[in-house]
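*Asks:* Have a look at the structure that comes next, please.
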Amino acid sequence: MNDRLFGTIVGIVIVLFVLFIPIGAHADPIVTQATSDSTVTNTTNTTTRIKTNPPSAISPSINSSNSDLCTVGVSGAVQTQILGISTGQAYRDANCERLKISKVLYDMGMKVAAVSVMCADFRVYDAMMKAGTPCPFDGKIGEEAKELWKDNPKHVPRKENVKSMDRGEFLEKLMGGIVGVVLLAMLAL
């Protein structure tokens, strides 16, 4: 998950949290007490007219139903009485792309190339080595490939480093979200 997606998700969660906190919870309740020994008949006729539709922010729909796409759609919206904001974005799925490329190569009869594509992932490389069937190296397979991998360790796929967010960066994003929610709440009042 990249920083931009994480920041977006944190902002949306904070906005939703603040929107569900009752703002008028601290108002004094209206208490009416009456005692009467008489009989009262009331007739009430009420008419309500709606002159405008309520405002609405609609999240964009991001179509990812096509099986040839290796994307994931994320969208969200927030609406107050005055301002509505909606956003959406599609993110690439590299593992899905790798699987599709490998499948197409395999379907074309290029089995060694298909396995080579999959071996670019360190998890597949490790599994193949542990199973005793090393990944192909420069067109070589089997024991020849195993020896070439030993002789060229710099070509071995490495675990991708996932950037973790440090405390300062987290607090900065959190404060940005809080400020955004406060400003949004001020617009709602």
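*Asks:* Between residue 9 and residue 156, what FRET efficiency comes out of the Förster formula 1/(1 + (r/R0)^6) with R0 = 45 Å and r the beta carbon distance, rounded to 0.05?
*Replies:* The value I calculate is 0.85.
*Asks:* Any chance you could run the full-extension gain for residue 127 through residue 103? It's 0.36 nm times the residue separation minus the Cα-Cα distance, nm to one decimal.
*Replies:* Contour length minus the Cα-Cα distance gives 6.8 nm.
*Asks:* With all pairs of different alpha carbon atoms counted, what Kirkwood hydrodynamic radius in Å does the stretch 95-155 show?
*Replies:* Taking the inverse mean of 1/r over all distinct Cα pairs, the stretch 95-155 comes out at 11.7 Å.
*Asks:* Continuing with this model, one more query. ³J(HN,Hα) across the stretch 176-186 via Karplus (A = 6.51, B = -1.76, C = 1.60, θ = phi - 60°), whole Hz, x for Gly/Pro?
*Replies:* Listing the rounded values in order: x, x, 5, 4, x, 5, 4, 5, 5, 5, 5 Hz.
*Asks:* Aspartates and glutamates within cross-link reach of residue 159: Cα-Cα under 14 Å, excluding same-chain residues under 8 positions apart?
*Replies:* Output for residue 159: 121, 126.
*Asks:* Pull out the extension gain between residue 46 and residue 182, defined as 0.36 nm times the separation in residues minus the alpha carbon to alpha carbon distance; nm, one decimal.
*Replies:* Additional length available on full extension: 45.2 nm.
*Asks:* Once phi is turned into ³J(HN,Hα) by the Karplus curve 6.51 cos²θ - 1.76 cosθ + 1.60 with θ = phi - 60°, what whole-Hz value does each residue of the stretch 141-152 show in order, with x for glycine and proline?
*Replies:* 10, x, 5, 4, 5, 4, 5, 5, 5, 5, 6, 10
*Asks:* Taking θ as phi - 60°, what are the ³J(HN,Hα) couplings along the stretch 77-93 by the Karplus curve (6.51, -1.76, 1.60), each to the nearest whole Hz, with x for Gly and Pro?
*Replies:* Working through the residues one at a time gives 8, 9, 9, 10, 5, 10, 10, x, 10, 9, 8, x, 7, 9, 10, 6, 10 Hz.
Quick note: the coordinates plus some simple rules give every number you see, no bench work behind them. Keep in mind the model is a prediction, meaning the values are calculated, not measured. Cβ coordinates were reconstructed from backbone atoms using ideal geometry, including for glycine residues, and neighbour counts include every protein chain displayed.
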